[in-house]
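Notes for the one structure printed next.
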Amino acid sequence: MSNYHIKHLEEYYQVYRKSIREPENFWEEVAEEHFVWRKKWDKVMSWDFSKPEIKWFEGAKLNITENCIDRHLATRGDKTAIIFEPNNPDEEAQHISYRQLYHKVNKFANVLKDHGIKKGDRVCIYVPMIPELAISLLACAKIGAIHSVVFAGFSSRALSSRINDCDCKMVITSDGSFRGTKSIDLKGIVDEALENCDGVETVLVVNRTGGDVVMTEGRDKWLQPLLDAASDELEAEVMDAEDPLFILYTSGSTGQPKGMVHTTAGYMVYTAYTFKNVFQYREDDVYWCTADIGWITGHSYIVYGPLANGATTVMFEGVPHYPDFGRFWQIVEKHKVNQFYTAPTAIRALAKQGAELVEKYDLSSIKVLGSVGEPINEEAWHWYNDVVGKKKSPIVDTWWQTETGGIMITPIPFVTPTKPTYATLPFIGIQPALMDENGLEQKGNQVEGRLCIKFPWPSIARTIWGNHQRYKDTYFSAYENMYFTGDGALRDEVGYYRITGRVDDVIIVSGHNLGTAPIEDAINEHPAVSESAIVGFPHDIKGSALYGFVTLKEVGESRVHDNLRKEINQLISDRIGPIAKLDKIQFTEGLPKTRSGKIMRRILRKIAENDTSNLGDISTLLNPEVVQDIMDNSL
Ligand code: WTA
């Protein structure tokens, strides 16, 4: 069907208009022609952003794994579904065919069932980028268990709070993980986390590093012998369209991480449809997204979107700089990658190493380059375009979020003319709006505002696990009848969007969302600290880095700053993970506050950015005198 694969700009506009005018007809056609259903829906969609309640394909019955695996067996059984490229370049890559994947998922799913996991149970997955990670997601989906993947770089504290938030009965992990020259003791982290998680009955352990682990009798089990003994056949659980498929945590500007809940049918339809178009995937292409499956990008565009299209998707275990900064390009050459999808942080880090490491490898297979996770700056865009893409591979700068499930604003390669730093046009079915502070929509072009979406799309998250009120407050209360993204954006003279960055207290460091509140809470646990405030400041590789302003209980203690800095970063590492460490820590005598006692982050942000010419009126502050002092001592 032509609507499934858009091939030129006129067609984009035509399909886009149809998707807006007749969303139900449009999505119904896509769903009907490109997926397998046990039963079709009674109603394509219903929505009420004031509650908020959103449903897609209500009444339909399906299992997403039948769409991602089973239906391909007849025509693509021997086709490679997953290419696993290990951390160590000397270790052989694995090619897992669709048929092998089918049997592996069945075995794994049988093991889950044998351990009492049933439809609706939550299973925490804390596994590095090895095939078992993708397989464990699919095994959960096969039996209707809800997976909650926690990125295997989070600390034990962060892990235990996520396990408890959604009452996981089981944890899947590995003995350890390889990252460059390091190996990390993941099982040890799980053991520590589980000291505070009473609900976990079973821990399944994948053998990856062969490191020493302690197995708790009755609770911990090696996975391999269980898989060996399990049947490789299993009937899929029949799910309702709106049954939860997974929970994935993302940072908020305040409080604990939010467990975003994605449901089955809408998520499947939208991730598959976007994958096909945004990467212009063709049958024999090899597609590689460098993200970790611990983030939404990996869920939607390493696992579900590609597999629903019968694609070959690469999973890379390692890091871009091991054994050297040419590793990404070596992998592109080795597997003849056609679509390459990565983050601006990686692009900046690689660009810094110069062009020689890229030119050493044959990148002629590349057709499409993708970028995701944070705004891509002009310099990085050009380097990506010129050095990697040789000016012939369009860059798709894809804007989207954990909450949106799939790509929302993006060029379609070979269809939408690109423009550096612009995510360009809304994807099919997406209706963006830019709002001013007074809640007025900024219509027309050459306007700027807060980015909202006016109408639901199939893969929007349906709620926050256990806290629907927070879902409503965070996303649907700022503007009536709108989903508020938390980002600012502008629309240029031809209607292209450029995302300008977060307008709330979420800071994106190396493409990872970090909320300020949990980091400040961690710092404030230090006995010498009285209070703290975190802001972002520009960083040439990470995009943004964290700057902490910390007030100590006793001024005299500022003599021992260096030790304190180390201790504070250690605390942050323990509580959240190394990704949340601060680049700069300034000890201050006080933090600028409003008369009602609220910390004025705006002022701190300007100081951190070294942009103090226009601090605004500070005379209304409770303590204007601290501002000068902070400026004088800024780092
Ligand atoms: C930011 C990642 C500019 C944005 C898929 C968003 C981007 C947040 C882009 C979501 C982009 C993502 N250009 N900014 N192409 N893509 N962002 O939930 O601030 O990890 O709100 O989802 O990343 O991050 P998340």
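The values are calculated or read from the model by the stated rules, or taken from the named source; none is laboratory data. Keep in mind that what you see is a predicted model, and the values were worked out from it rather than measured. Neighbour counts run over all protein chains shown; Cβ positions are idealised from the backbone, glycine included. Heavy atoms of the whole protein, side chains included, go into the accessibility calculation; ligands, DNA and RNA do not. Shrake-Rupley method; radii C 1.70, N 1.55, O 1.52, S 1.80 Å.
Check THR263, THR250, THR290, THR271 and return the single one that is buried (at least 18 other Cβ atoms within 10 Å of the Cβ), of a type in the set (S, T, N, Q) and closer than 18 Å to TYR126 by Cβ. Result: THR250 is the single residue among THR263, THR250, THR290, THR271 that is buried (at least 18 other Cβ atoms within 10 Å of the Cβ), of a type in the set (S, T, N, Q) and closer than 18 Å to TYR126 by Cβ. Among LYS542, LYS584, LYS606, which is of a type in the set (Lys, Arg) and either free of Cβ contacts under 8 Å to residues at least 24 places away in the same chain or open to solvent by 80 Å² or more (accessible area, probe 1.4 Å) (or both)? Exactly one residue qualifies, and that residue is LYS606. The number of residues in region 356-374 being more than 9 Å from the ligand (Cβ to nearest atom) and either at pLDDT below 95 or open to solvent by 20 Å² or more (accessible area, probe 1.4 Å) (or both) comes to 9. Listed by position, the helices (runs of 4 or more DSSP H) enclosed by region 318-378 that each have at least 3 residues that are aliphatic (A, V, I, L, M) and more than 19 Å from the chain's Cα centre (by Cα) are 344-351. Looking only at residues in region 125-160 that are hydrophobic (A, V, I, L, M, F, W, C) and without any contact (Cβ under 8 Å) to a residue 40 or more places away in the chain, the one that is surrounded by the fewest Cβ atoms within 10 Å (Cβ to Cβ) is ILE135. The one condition from (1) closer than 21 Å to ALA230 by Cα; (2) in contact (Cβ under 8 Å) with a residue 40 or more places away in the chain that SER97 does not meet is (2). Scanning region 375-398 for residues that are acidic (Asp, Glu), touching a residue at least 24 places away in the same chain (Cβ under 8 Å) and either more than 16 Å from the ligand (Cβ to nearest atom) or open to solvent by 20 Å² or more (accessible area, probe 1.4 Å) (or both) gives GLU378, GLU379. Filtering GLU567, GLU531 for residues that are open to solvent by 10 Å² or more (accessible area, probe 1.4 Å), assigned to a strand (DSSP E or B) and in contact (Cβ under 8 Å) with a residue 12 or more places away in the chain leaves a single hit, GLU531. Taken over region 35-59, the residue count meeting the criterion of being within 21 Å of THR404 (Cβ to Cβ) and open to solvent by less than 40 Å² (accessible area, probe 1.4 Å) is 9. Restricting attention to region 512-525 and to residues that are in contact with a helix residue (DSSP H, G or I) (Cβ under 9 Å, 6 or more places away or on another chain) and open to solvent by 20 Å² or more (accessible area, probe 1.4 Å), the residue that is farthest from the ligand (Cβ to nearest atom) turns out to be GLU525. Number of residues in region 399-410 that are assigned to a loop (DSSP other than H, G, I, E, B) and within 7 Å of the ligand (Cβ to nearest atom): the value is 2.
Counting only residues that are within 17 Å of TRP383 (Cα to Cα), touching a residue at least 40 places away in the same chain (Cβ under 8 Å) and open to solvent by 10 Å² or more (accessible area, probe 1.4 Å), region 300-354 holds 6 of them. For beta carbons closer than 8 Å, sequence separation of 6+ or different chains, a first residue in region 501-517 that is farther than 23 Å from ALA349 by Cα and among the polar types (S, T, N, Q) and a second that is assigned to a loop (DSSP other than H, G, I, E, B) and more than 7 Å from the ligand (Cβ to nearest atom), the qualifying pairs are THR516/SER253; THR516/ASP505. Within the bounds of region 513-536, is there any residue that is among the hydrophobic types (A, V, I, L, M, F, W, C), closer than 30 Å to ILE296 by Cβ and modelled with pLDDT under 90? So far as region 513-536 goes, yes, one or more of its residues are among the hydrophobic types (A, V, I, L, M, F, W, C), closer than 30 Å to ILE296 by Cβ and modelled with pLDDT under 90.
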